[in-house]
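Taking it in order: structure first as structure tokens, then the write-up.
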Amino acid sequence: MARQPRLILPKQPHHILQRANDPQRIFRDNDDYTTFLGWLKEAARAYKVAIHAYALLPTQLQLLATPPDADSLAAMMQKVGRLYVPWYNTKYARAGGLFEGRFRTAVVDTDRHFLMCSRFIELAPMREGLAMEAGQYPWSSYPHHAGQRPDPVITDHALFWELGNTPFQREAAYTELVQQGIAPDELALIASSVQKGQPLGTQAFKLALEQKSGRRILPAKRGRPAKQPVQAD
């Protein structure tokens with residue numbers, strides 16, 4: 001059976017997950033991370049994709065990004081792969097693919113889940129045991145949002161700007177949100193959404209996506225349709 005095309009909505013944020021081929025590593029040293037980020041920045045600009053958050057881990061990468069059209073996300077990821085994989089294979093004297101098939105993605109509801117998804121991505125290094133605090137991990141966008149250093153890969157979303165009137169206010173408010181963490185049920189919801197390619201949002205958001213995309217998103221109602229009463233002659 002053919003795979004269903006990804007649900008990509010122009011000008012809507014998307015949570016992107018790309019894993020390594022098991023048991024491969026995508027990144028082995030600092031040069032790998034910086035090289036990948038350089039090409040990610042280049043590809044994002046080439047296809048006008050706004051990247052709002054990211055985390056690069058040894059065996060996976062996650063992004064929160066807004067594309068201008070339905071094809072830009074795939075084009076950006078393909079461009080990075082075409083540059084990075086041959087470079088990586090040459091460096092480590094290996095051959096073959098590096099990534100686990102095509103990337104996974106989930107459309108994100110900006111009203112309720114955007115900042116939650118951003119925190120989910122930037123807290124991934126802590127969940128993987130790579131850092132004790134988000135600010136200790138250098139290969140994510142958290143240092144940018146916390147005011148530790150500017151990141152040229154990042155395009156701040158309007159919702160980040162709404163956290164305060166000044167950079168200090170925004171950075172302090174975002175840092176406080178990250179320190180609050182994410183509830184276990186929210187963690188499970190975000191992870192499940194991107195793994196299954198299902199939108200991350202409220203029922204109303206998903207219903208609106210169904211109507212806009214013409215694709216079934218909400219689960220079908222169980223059971224047979226109710227019988228209509230027989231009308232007497």
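The values are calculated or read from the model by the stated rules, or taken from the named source; none is laboratory data. For clarity, every value in this text was computed on a predicted model and none was experimentally measured. In this analysis, Cβ positions are derived from the backbone assuming ideal geometry, glycine residues included, and neighbour counts consider all displayed protein chains.
Can ILE26 be described as closer than 14 Å to LEU64 by Cα and assigned to a loop (DSSP other than H, G, I, E, B)? Taking the combined requirement at face value, the residue does not satisfy it. Considering (1) without any contact (Cβ under 8 Å) to a residue 40 or more places away in the chain; (2) over 24 Å from GLU128 (Cβ atoms); (3) not aliphatic (A, V, I, L, M), the lone condition that PRO67 does not fulfil carries the number (1).
Taken as a whole, the structure leaves LEU98 outside the set of residues that are closer than 18 Å to VAL178 by Cβ, out of contact with any Ser or Thr (no Cβ under 8 Å at 6 or more places or on another chain) and either among the hydrophobic types (A, V, I, L, M, F, W, C) or surrounded by fewer than 17 Cβ atoms within 10 Å (Cβ to Cβ) (or both).
When you check LEU9 against the structure, is it under 15 Å from the mean Cα position of the chain (by Cα) and in a helix (DSSP H, G or I), yes or no? Let's see the steps before the verdict.
Details: under 15 Å from the mean Cα position of the chain (by Cα): yes; in a helix (DSSP H, G or I): no.
It is false that LEU9 is under 15 Å from the mean Cα position of the chain (by Cα) and in a helix (DSSP H, G or I).
Could we say that LEU37 is within 14 Å of SER141 (Cβ to Cβ), in contact with a helix residue (DSSP H, G or I) (Cβ under 7 Å, 6 or more places away or on another chain) and either at pLDDT 95 or above or outside any helix (DSSP H, G or I) (or both) here? No.
Restricting attention to segment 120-150, the residues that are out of contact with any Pro (no Cβ under 7 Å at 6 or more places or on another chain), part of a loop (DSSP other than H, G, I, E, B) and at negative phi add up to 11.
For beta carbons closer than 6 Å, sequence separation of 6+ or different chains, a first residue in segment 13-33 that is touching a residue at least 24 places away in the same chain (Cβ under 8 Å) and among the β-branched types (Val, Ile, Thr) and a second that is buried (at least 18 other Cβ atoms within 10 Å of the Cβ) and not in a loop (DSSP other than H, G, I, E, B), the qualifying pairs are ILE16/LEU63; ILE16/THR105; ILE26/ALA20.
If I ask for residues that are of a type outside the set (A, V, I, L, M), touching a Leu at 6+ places or on another chain (Cβ under 7 Å) and in a helix (DSSP H, G or I), which ones from segment 70-119 would you list? Steps first, answer last, please.
Let us first name the residues in segment 70-119 that are of a type outside the set (A, V, I, L, M), namely 71-72, 78-79, 81-82, 84, 86-92, 94, 96-97, 99-105, 109-114, 117-119.
Subset that is touching a Leu at 6+ places or on another chain (Cβ under 7 Å): 88, 103-105, 109-110, 113-114, 117-119.
Within segment 70-119, TYR88, THR110, HIS113, PHE114, CYS117, SER118, ARG119 qualify.
Selection of segment 40-50 for residues being surrounded by fewer than 18 Cβ atoms within 10 Å (Cβ to Cβ) and either out of contact with any Pro (no Cβ under 9 Å at 6 or more places or on another chain) or part of a loop (DSSP other than H, G, I, E, B) (or both) yields GLU42, ARG45, ALA46, LYS48. Condition check for PHE120 on (1) out of contact with any Gly (no Cβ under 9 Å at 6 or more places or on another chain); (2) closer than 22 Å to ARG45 by Cβ; (3) crowded, with 19+ Cβ neighbours inside 10 Å: one failure, at (2). Going residue by residue through segment 51-68, is there one that turns out to be in contact with a helix residue (DSSP H, G or I) (Cβ under 6 Å, 6 or more places away or on another chain), crowded, with 20+ Cβ neighbours inside 10 Å and either of a type in the set (Asp, Glu) or assigned to a loop (DSSP other than H, G, I, E, B) (or both)? So far as segment 51-68 goes, yes, one or more of its residues are in contact with a helix residue (DSSP H, G or I) (Cβ under 6 Å, 6 or more places away or on another chain), crowded, with 20+ Cβ neighbours inside 10 Å and either of a type in the set (Asp, Glu) or assigned to a loop (DSSP other than H, G, I, E, B) (or both).
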